1. Considering only the other residues whose Cβ falls under 12 Å of the Cβ of residue 79, what net charge follows from Lys and Arg at +1 and Asp and Glu at -1?
2. Could you compute the net charge surrounding residue 45? Neighbours are other residues with a C-beta less than 10 Å from the C-beta of residue 45; K and R count +1, D and E count -1.
3. Given the options 33, 193, 206, identify the residue whose Cα lies farthest towards the positive end of the charge dipole of the chain (+1 on Cβ of Lys, Arg; -1 on Cβ of Asp, Glu).
4. Of 171, 79, 137, which is farthest towards the positive pole of the chain's charge dipole, taken about the Cα centre with +1 and -1 on the beta-carbons of Lys, Arg and Asp, Glu respectively?
5. How large is the accessible surface per residue of the range 1-109, computed with a 1.4 Å probe and reported in Å² as a whole number?
6. Total Lys pairs in the chain closer than 20 Å by alpha-carbon, pairs eight or more apart in sequence or interchain only?
7. Ignoring any ligand, DNA or RNA, what whole percent of the accessible area of the chain comes from carbon and sulfur when the probe is 1.4 angstrom?
8. Hey, can you list the DSSP H helices of the chain whose Cα span along the axis is 15 Å or longer and whose average Kyte-Doolittle score is at least 0.0?
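The values are calculated or read from the model by the stated rules, or taken from the named source; none is laboratory data. Here the structure is a predicted model, which means the values were calculated and not measured. Cβ atoms come from the backbone with ideal geometry, glycine included; neighbour counts cover every protein chain shown. Surface areas here come from the heavy atoms of the whole protein model, side chains and all, with no ligands, DNA or RNA. Shrake-Rupley method; radii C 1.70, N 1.55, O 1.52, S 1.80 Å.
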Amino acid sequence: TSAVSHRFQPEYREMWYAKFNDLLRSAQDRWPVVHTTMLGLTASSTPDGERMAPVDHWHDCDASNDAVKQALRRVKDELGDAVAIEFIEAHPGGGTNDGYLHKHPVIISGQRVPDRLLQKVLNAHVNNSPNAEHDAHRLSEAVTRSRVAARKDADNATEEVIGNLPAYLAGYLLDYDDDLEDLPEPQLAGAAVMWATGTQSVRPGQRAQQWM
């Protein structure tokens with residue numbers, strides 16, 4: 001296996017940054033406005049008051065994987081032309097889920113994704129992940145809408161404006177220079193769980209792979 005294909009090598013982030021540039025070019029060729037919609041899907045690490053082992057927690061959190069993929073396919077089918085990528089990362093610290101993994105599906109589209117479709121994705125996770133809580137997956141808290149800044153009307157956008165989409169997406173990957181041990185403790189803990197479970201930090205949908 002080459003270093004570039006290894007998700008715990010710095011080159012992995014650089015490889016994906018290049019792919020995300022290809023993705024952005026493909027999106028801008030298709031749509032005058034590029035929208036991104038990020039969802040946060042998580043699960044409690046202390047469902048019964050006792051802290052779960054991180055690997056067991058991730059298995060429970062990701063038990064919704066098939067249902068979430070199906071819900072995302074329905075979103076893409078209804079929009080007609082969209083792509084989805086899912087990022088896996090550790091909670092950054094400061095809470096009960098410090099260092100535990102969660103996931104961020106990102107929908108890239110040429111139009112605003114309706115709330116009712118996003119709610120179906122959130123419901124797919126909550127209904128299929130044993131320790132996912134409804135209160136943590138409300139639209140107002142679990143969804144971030146943005147648009148890419150390469151537009152004359154970006155200053156008037158109601159959504160957050162992303163100046164550099166590839167850098168924004170690459171920001172959800174491990175970021176370090178030479179030594180994995182130099183990562184902050186929550187990221188290091190998350191990397192250990194990804195290693196133990198064979199989890200990839202980026203999970204692009206089929207159409208996203210074609211665009212990259």
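1. So the surrounding residues net to +3.
2. Once positives and negatives cancel, what remains is -3.
3. Farthest along the dipole direction, towards plus: 33.
4. 79
5. 44 Å²
6. So the count of such lysine pairs works out to 6.
7. 43 percent
8. 185-197
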